[in-house]
Each structure stands twice: as structure tokens, then as C-alpha cells.
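Below is one structure, written out as C-alpha cells, with a few remarks after it.
The values are calculated or read from the model by the stated rules, or taken from the named source; none is laboratory data. For clarity, every value in this text was computed on a predicted model and none was experimentally measured. With ideal geometry, Cβ positions are generated from the backbone for all residues, glycine too; neighbour counts draw on all protein chains shown. Side chains are part of the model used for accessible areas, which takes the heavy atoms of the whole protein and leaves out ligands, DNA and RNA. Shrake-Rupley method; radii C 1.70, N 1.55, O 1.52, S 1.80 Å.
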Amino acid sequence: MHSGDGTPSSSTASDWTQTTSTSEPPQLAHFAVYNPSWGPTEDSTADQICFFSPTNTPTNDQLRLVGLAQALVNFSRSFLQSSVASDVVHSSKYRMVMHEPEPGFWMQIRVRLGTMSYVGKDGKRVVEYVPSSVHDTALKRVLERAYDRFKLFNRGFQKTVDESTREELKEKLDSFYTNYLDRLNLINMDILEMTAGVHYLPMDRSLFLEVASTMNELERSFPIVAASILLWRHYIIWSGLGSVHTFRVLYDYVTDAETGKMDDSIVNQVKPKGEAIVSTRQKNLQSIPTTSTKETLAAYPSTPPTGLAGPPTASSILYPFSALTMGQTPTNGASSLFPIAVPQSPSRRAGSSQSGASRFSGFIVGPEVGPDGGWEPDAGRAGEPERPDDWSKRVYLGAEGAEHRMVIYQLMDETTLIFLLPASFGTAASVKDGDGFSSSTFCTNLQSYIHARIPGVARLLAEAWVKSRKSTENAPGVSYRFFYFQAATLAIRTNIALSKATMLSQELVTAIGALHEDLINPAIRLTEVYTRTVGDIWMVGRRAAGRLLLMLFPKSDLGVVDVADEANKILSRDAWRAT
């Protein structure tokens with residue numbers, strides 16, 4: 001839906017002079033969460049607004065902007081004759097997107113378009129708003145991610161009201177989004193943001209079976225673990241979660257650079273503020289990976305060590321592994337499947353070690369080291385019951401917001417394991433009733449298992465990544481670039497920004513985003529698109545059965561028939577699948 005706002009028409013390109021133009025990126029105008037049913041009367045209209053940013057916006061202006069959005073939604077529904085409302089509003093200066101994540105609750109974001117300013121022939125400064133600076137799909141994803149992130153730690157809007165009050169929800173929204181929006185980045189939101197996919201590491205059958213065997217054994221050995229996730233860098237290797245969407249919420253949290261910038265009292269004890277838990281995820285198509293294949297393998301010894309990583313700073317006490325599965329406190333004695341070690345001296349985090357300045361191994365979300373060198377999940381509260389909130393994260397997953405405790409362990413900054421535990425884990429009642437065991441015992445044994453079994457798997461994963469990277473860079477006759485997305489698994493693959501040799505202009509990135517929006521637009525129903533950019537690059541887009549493939553051919557001498565033949569050859573031999 002398009003709506004005018006009284007803005008004078010911008011000047012045309014013919015008015016441009018030879019003076020240098022300047023540009024400004026898109027900027028957040030306002031963000032709101034509201035529930036129209038909370039303000040049905042004129043006297044209670046203001047009650048419907050649950051959160052509004054900027055917070056210093058006058059109440060009348062808040063109501064005007066929210067009321068305009070409601071009117072447009074109701075207007076579009078009257079034409080569509082269904083409950084599906086138009087959720088995007090275009091004007092000459094702004095782009096506004098609405099999203100209803102829960103029945104009755106609406107989220108709204110309004111963004112000022114990027115601008116280009118220059119001096120016209122008459123000597124006056126002209127400001128031109130650039131519609132292509134913001135993609136509708138990217139803004140929708142911003143709202144979806146903002147809701148998912150809130151729900152991850154607060155269960156949801158309506159459940160918060162059901163368990164407390166409306167005022168409690170408003171307070172939580174204010175506390176969360178005031179911090180969240182300060183770190184929101186609206187610049188360079190390209191196709192990676194639109195698809196919101198996850199990266200899978202290509203693995204052959206033998207490597208997949210090795211990973212599956214290791215993770216299945218881990219979950220059998222630690223039955224208290226409800227689900228486990230294994231990441232190597234930002235690549236998903238293993239997930240015990242049944243829902244792909246639920247996994248994506250956790251994946252976004254651990255790989256999003258904005259996570260490190262937030263006031264996270266647990267994560268920031270390990271990671272420098274401003275750094276994500278996993279910092280290797282490609283932020284946009286123009287960001288180029290910096291780690292070379294040589295550096296990757298150099299970080300892993302040919303024969304991975306067992307036991308705790310890093311220099312031996314303390315003695316170890318061996319415990320029988322069988323005691324763990326019975327929920328008992330281990331006792332010294334019998335041999336074990338692997339060494340169980342208890343750290344005897346403190347470090348930056350419990351059980352952590354560093355090789356060089358940037359190699360960290362230890363709990364990112366987990367226990368800390370107490371004064372005596374042992375692990376104390378509730379350090380400083382002697383005599384009181386354990387408080388899991390002090391060392392683990394309470395998260396709510398799935399459509400119903402099932403409560404779990406989350407523990408995250410990282411090995412050499414590259415291999416990350418996420419463990420989801422029952423909500424009652426670590427509490428005194430859980431241990432007393434025989435349903436669990438102390439958190440310090442669990443973390444001690446878990447770390448020992450990780451250091452005994454995961455380094456070997458990590459080395460194999462690093463080798464698989466190097467092999468995949470080299471085959472992509474050195475593939476004979478591959479002169480095209482591609483972007484692939486599969487909706488069923490949320491898997492994305494691309495070779496567009498593998499090296500500095502691939503230089504992407506902002507115009508090309510914008511064109512790729514526009515092509516993607518055309519292909520997924522249900523009103524157009526396109527399945528195949530061929531287009532040529534100003535830079536003489538052919539772009540081919542194809543969509544079928546929940547899969548989307550974009551191909552770039554930097555050959556200016558090809559005609560559309562030649563490009564179609566080339567694309568068909570690629571699809572027939574599945575070269576892009578093997579990359």
C-alpha cells in the first residue's frame with residue numbers, strides 16, 4: 001500500500017550538477033508495540049500503547065501514528081475480504097511495517113528512507129529520498145527478530161500479562177527494547193537479512209556419522225540435557241531441537257553481533273562488550289571472511305589432546321563416570337570412560353584456558369570460579385540454596401514458551417556447544433528429590449567430556465571447512481556467483497563474498513535484494529527472472545518448491561538465451577549444490 005505524506009516531489013537526475021553528492025543511511029523513526037483492545041474508548045485510548053520509542057514522543061503523536069496504522073490495516077482488510085491485512089505502507093520519505101506476532105498485539109516500525117543530497121543547477125541543496133535503500137522483507141524480519149528475542153527471555157506478550165499484569169508487561173517491554181533499539185542496525189540489510197537463514201557446514205557421510213555418534217553419546221551420558229546444539233564457528237553441525245524456527249531463534253542470539261553489545265551480565269564476563277558469542281557470521285554480502293584456510297588448520301593440533309585444554313595449571317582428580325548418570329556425587333576410585341577433572345585454581349571463567357590472546361575455552365554461560373578455586377554457581381551466597389539465574393540463562397522456547405535453563409560452552413573460540421536443561425535444574429529441591437544433581441558436579445563432568453571428545457571432532461570439522469572452501473575457490477570453469485536458500489531447513493549457501501576478488505557495489509547488492517523480493521511476492525507469482533544490471537552483470541533468479549536460487553554471471557557479452565543455457569547447464573549438473 002502506498003500513501004502520500006505531502007512531501008514535495010524530489011528533483012530528477014537531470015538537475016544534478018558535477019558537485020559531489022552526499023548520502024545518509026536509513027534511520028529509525030519510531031518503534032511501537034500496542035494492543036488496540038486495551039483502549040476501546042476515547043478515555044482509555046492511550047492504554048493501548050504498550051511501548052513507544054522515542055520515549056519522549058508526545059502521547060498525541062503516538063496515538064496519531066498508531067491510529068493511522070490501525071486505519072490502514074482495517075481499510076485493506078475491507079478490500080481483501082479476509083483477515084490478511086496489508087502490513088507495509090510506503091510514502092515518499094518513510095517506510096512503515098506492521099506485524100501481529102500474537103493475536104491482538106501489534107508491532108510497528110517506521111524508518112526514514114536513506115537520502116542522497118546534491119547541489120542543483122540553481123545552486124540550492126536538493127535532498128532526494130532513495131526508496132531502494134530499504135527492503136520491505138528486511139524490515140519485516142527486523143520486527144520478527146525483535147519479537148523472537150523478547151520472547152526468548154520473557155516468554156511472550158500475553159503470557160506475561162496472564163502471569164502478572166499489563167503494567168508488568170509494559171515495564172518489561174521498556175526495559176528490553178530501550179536497550180535493544182539502541183543497537184539496532186538498519187544499514188546494509190541485504191538478502192542475508194531478508195532470508196534469515198542459517199549456515200550448514202558441508203559434511204560427508206563419515207563425518208556426519210562421527211558427529212552424530214559423539215552428540216548422541218553425550219545426550220545419553222547426560223540425560224538431564226533436554227537438547228544440545230553444536231556449532232563450529234557460525235556453521236550448524238548438530239541440533240537436537242525438533243523445530244527449525246526454535247533453533248533459528250537461538251542461532252540468531254549466539255551469532256548476532258548485537259548480542260554482545262547488549263547489557264548481558266553473563267556473556268560480557270567472557271566476551272568483550274561488542275563481540276558476539278560467535279563472531280564469524282557474515283553480516284552482509286559485502287563483508288568478506290578474514291580467516292584463511294592455513295590459519296584455520298594451524299589452530300588445531302594433528303593429534304587432539306585429551307583432558308582439559310591449555311597449560312596444566314592445576315592437578316586433576318579422577319572420578320568414575322558412572323556416578324554421573326545416577327545423579328550421585330562422584331567419589332575417587334574406579335576407572336572412567338574419560339578423565340573427570342576438577343579445577344583447582346581460578347581463571348577468567350571456570351575451567352577456562354587461553355592459547356594466545358584470542359583462543360578461549362570455557363563456559364560462556366555457566367559457573368564461575370569461587371575463592372577456593374572450585375566452581376561455585378552461586379559464588380558469594382554461602383549457606384543459601386543454589387540460584388541457577390546467577391550462572392545460567394532462563395530461556396523460553398517453542399510456541400508455548402517452554403522454560404529451560406541454557407548453558408553455553410566454547411572450545412578455542414570456534415566450537416560452541418549449547419545445552420538446554422530443565423527449568424528445575426540446579427535447584428536444591430531438584431537434588432533433594434533425586435531428580436538431578438548439583439550444578440557444580442554437572443559442569444565438572446560436562447567440561448571433561450567436552451575436552452575429551454570434542455577436540456577430535458573439531459579438527460575434522462576444520463578440515464571439512466578447508467576442503468569445501470578450496471573446492472569452491474578452485475573449481476574449474478566456475479565463473480558465476482550464487483545465493484541459495486531452502487525454506488524447509490532455512491539453509492543458505494553462497495559464494496558471493498568468499499574473497500576480495502569479488503567486489504560488490506551497493507547498487508548490485510540492492511538489485512539482488514529487489515530480485516529476491518520479486519520472486520517471493522505472492523501477488524506476482526514469479527518462478528524465473530532474468531535481468532541485467534547497469535554494470536553488465538546478468539542475474540538469474542529461480543524459485544521452486546520452497547527453494548530459491550540466484551545466480552550472477554559477470555559476462556557482458558552474453559545474451560539472454562546464452563545466460564538461460566548456462567543456467568540450465570549449472571542446474572543439470574548440480575554444481576551449486578556441491579559447493
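Per-structure values
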quantity: Debye, to nearest 20: dipole size of region 128-178, +1 on Lys, Arg Cβ, -1 on Asp, Glu Cβ; calculated: 200
quantity: HN-Hα J in Hz across region 213-225 - Karplus 6.51, -1.76, 1.60, θ = phi - 60°, x for Gly and Pro; calculated: 5, 5, 6, 5, 5, 4, 5, 6, 6, 10, x, 5, 6
quantity: FRET E, pair Arg166, Glu42, Förster distance 25 Å, beta-carbon r, rounded to 0.05; calculated: 0.85
quantity: Backbone N under 12 Å from the Arg77 label point (7 Å along Cα→Cβ), restricted to region 22-57; calculated: 36-37
quantity: Calculated FRET value between Glu400 and Asp174, using beta carbons and R₀ = 30 Å, to 0.05; calculated: 0.75
quantity: With all protein chains modelled, accessible area of Ser175 [1.4 Å, Å²]; calculated: 80
quantity: Cα→Cβ-extended label distance, 7 Å offset, between Glu463 and Ala298, nm; calculated: 2.0
quantity: Segment Asp182-Val130, length gained on full extension (0.36 nm per residue, minus Cα span); calculated: 16.4 nm
quantity: Dmax and Rg, reported as Rg then Dmax, of region 85-199 (C-alpha, Å); calculated: 17.7, 63
quantity: Relative intensity, log₁₀ I(q)/I(0), of region 145-253 from a Debye sum that treats every alpha carbon as a point, q = 0.18, 0.19 Å⁻¹; calculated: -1.03, -1.07
quantity: By average C-beta atoms within 10 angstrom, highest first, the peptides 403-414, 519-530; calculated: 403-414, 519-530
quantity: Linear extension gain, Ile524 paired with Leu558, 0.36 nm per residue minus alpha-carbon span; calculated: 9.5 nm
quantity: Amide proton proximity set for Ala29, modelled H, under 5 Å, gap of 5+; calculated: Arg110, Val111, Arg112
quantity: Table column - 3J(HN,Hα) (Hz), region 407-420, Karplus curve with 6.51, -1.76, 1.60, x for Gly and Pro; calculated: 10, 10, 10, 10, 10, 6, 6, 10, 9, 10, 10, 10, 10, 10
quantity: Accessible surface of Asp565 - all protein chains present, 1.4 Å probe, nearest 10 Å²; calculated: 80
quantity: Shape metrics for region 25-124, restricted to C-alpha atoms - Rg then Dmax, Å; calculated: 16.2, 53
quantity: Between region 144-170 and region 210-238, the alpha-carbon center distance in angstrom; calculated: 30
quantity: Inter-probe distance in nm under a simple model that places probes 7 Å from Cα toward Cβ, at Asp122 and Lys159; calculated: 5.9
